[in-house]
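Undergrad: First, the structure itself, so that you have it in front of you.
The values are calculated or read from the model by the stated rules, or taken from the named source; none is laboratory data. In this text, all values refer to a predicted model and were calculated from it rather than measured experimentally. Virtual Cβ from ideal backbone geometry, glycine too; neighbours counted across all protein chains shown. SASA here: full protein model, heavy atoms, side chains in, ligands and nucleic acids out. Shrake-Rupley method; radii C 1.70, N 1.55, O 1.52, S 1.80 Å.
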Amino acid sequence: MTMEIEQLKLNGIEGKRPIVIAGPCSAESREQVMSTATQLAAKGVRIFRAGIWKPRTKPGGFEGVGVAGLPWMKEVKQATGMLLATEVATPYHVFEAIKAGIDILWIGARTAANPFAMQELADSLKGTDIPVLVKNPVNPDLELWIGGIERLYRAGVKRLGVIHRGFSSYEKKLYRNLPLWHIPIELKRRYPNLTIFCDPSHIGGKRELVAPIAQQAMDLNFDGLIVESHCDPDNALSDAAQQITPEVLDFTLSMLVVRDNPQTTENITVLRKKIDEIDETLLTILAKRMGISREIGVYKKEHNMPILQSGRYSDILENRAKQGESLGLSASFVQEIMKSIHEESVKVQMDIMK
Ligand code: PEP
Ligand code: MN
């Protein structure tokens, strides 16, 4: 199905990059919510986030204060005028959040991975006009992410945006959730008007990664950032390691370089033309190479030879990597390309053997 997704309108806040949503991972107490919110508002933040219901990996942890936290959110709006955002995972959450005057809903990564849950949420949102932000599913599956968005769209939810919060992996390395940037980039290619946020807190999992990840998101032309900020991060009841104070958030935002020059200058046009020409040459050469692979395939068939000959493939990978390096290309990049060319050659030759 084709979706006509429009740029998300958020009471005029949407004009300038980045649109900032900030607030604690979880609403913990009235004092913590009010203290964080007033500090954020004083720094110019206009959308306040707080988790009311928390999806935790294991039971027994802090699972959010539930509806008891909604009056605190209302108080934030009265005191600061900020828009309010919270996570919903069930129709009950949707009902309670809307009743309490929450302005923006987001759907978490675990929920976004579950089509049943997404459908239930979509059904419960029918007839409302509330903006909904869909986080990427925990697993790197673009079609599943789009499927969830489509369920909402079909239910009439037209004020849509997305959040890239990284993807879960078994091995925890530098990041808590791997930022596979090409996935949100492909999403944006398909839906150019889709408003797209980055969540550097859940990608990085550590305070010191918030700034560099936020900068990368700006460089990749993301529209907004959703950042976890807490008045006392060390004592946060959830995600303590990744939360930053409103003060640090303000400093981080002030350091961001937002390159917003939309001009296509003459120089760039000339360079792009060159790239277009080089790509055409590359493709012509690639087609020529495939033609030769095909010839070799015919020869192998006629002489009863197997497609794969041990040694040849490793030699190619090794030699090309060296040749590439002498031309200033990284060995891993060249090997990646050679692997994919080789895979296609094998396919072509297998077709010939049929
Ligand atoms: C959150 O934003 O606090 C949250 C639980 O995020 P995610 O769904 O990305 O894990
Ligand atoms: Mn969190």
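Undergrad: Of these, Leu105, Leu125, Leu83, which one is at pLDDT 95 or above and within 19 Å of the chain's Cα centre (by Cα)?
TA: The conditions single out Leu105.
Undergrad: Checking the conditions here, which among Glu318, Glu344 is assigned to a helix (DSSP H, G or I) and open to solvent by 100 Å² or more (accessible area, probe 1.4 Å)? First the steps, then the outcome.
TA: Numbers: Glu344 fails: open to solvent by 100 Å² or more (accessible area, probe 1.4 Å).
Selected residue: Glu318, the only one of Glu318, Glu344 that is assigned to a helix (DSSP H, G or I) and open to solvent by 100 Å² or more (accessible area, probe 1.4 Å).
Undergrad: Right, another one. Of the numbered conditions (1) open to solvent by less than 10 Å² (accessible area, probe 1.4 Å); (2) within 16 Å of ligand 1 (Cβ to nearest atom); (3) not in a loop (DSSP other than H, G, I, E, B), Met218 satisfies every one except a single condition; which is it?
TA: Met218 satisfies every listed condition except (2).
Undergrad: If you don't mind, another one. Closer than 29 Å to Glu14 by Cα and touching a strand residue (DSSP E or B) at 6+ places or on another chain (Cβ under 7 Å): is that true of Leu225 in this structure?
TA: yes
Undergrad: Assess whether Glu171 counts as being touching a helix residue (DSSP H, G or I) at 6+ places or on another chain (Cβ under 8 Å), among the charged types (D, E, K, R) and open to solvent by 30 Å² or more (accessible area, probe 1.4 Å).
TA: no
Undergrad: Could I ask something else about it? Of the residues Asp103, Asp141, Asp123, which is among the acidic types (Asp, Glu), out of contact with any Cys (no Cβ under 7 Å at 6 or more places or on another chain) and within 19 Å of Leu194 (Cβ to Cβ)? Walk me through how you get there before you give the answer.
TA: Numbers: Asp103 fails: within 19 Å of Leu194 (Cβ to Cβ); Asp123 fails: within 19 Å of Leu194 (Cβ to Cβ).
Of Asp103, Asp141, Asp123, the one residue that is among the acidic types (Asp, Glu), out of contact with any Cys (no Cβ under 7 Å at 6 or more places or on another chain) and within 19 Å of Leu194 (Cβ to Cβ) is Asp141.
Undergrad: Within the stretch 42-150, considering only helices (runs of 4 or more DSSP H) that don't extend past its boundaries, which have at least 1 residues that are open to solvent by 60 Å² or more (accessible area, probe 1.4 Å), more than 16 Å from ligand 1 (Cβ to nearest atom) and of a type in the set (A, V, I, L, M)?
TA: 70-80, 91-99
Undergrad: If you don't mind, another one. Which of the following residues is part of a helix (DSSP H, G or I) and open to solvent by less than 90 Å² (accessible area, probe 1.4 Å): Ser238, Ser254? Outline the logic, then answer.
TA: Values: Ser238 fails: part of a helix (DSSP H, G or I).
Within the list Ser238, Ser254, the selection yields Ser254.
Undergrad: Mind listing whichever residues of the stretch 236-254 are away from ligand 2 (no atom under 15 Å from the Cβ) and without any contact (Cβ under 8 Å) to a residue 12 or more places away in the chain?
TA: Across the stretch 236-254, the qualifying residues are Phe251, Ser254.
Undergrad: Any residue at all in the stretch 219-227 that is closer than 22 Å to Gly64 by Cβ and touching a Pro at 6+ places or on another chain (Cβ under 7 Å)?
TA: yes
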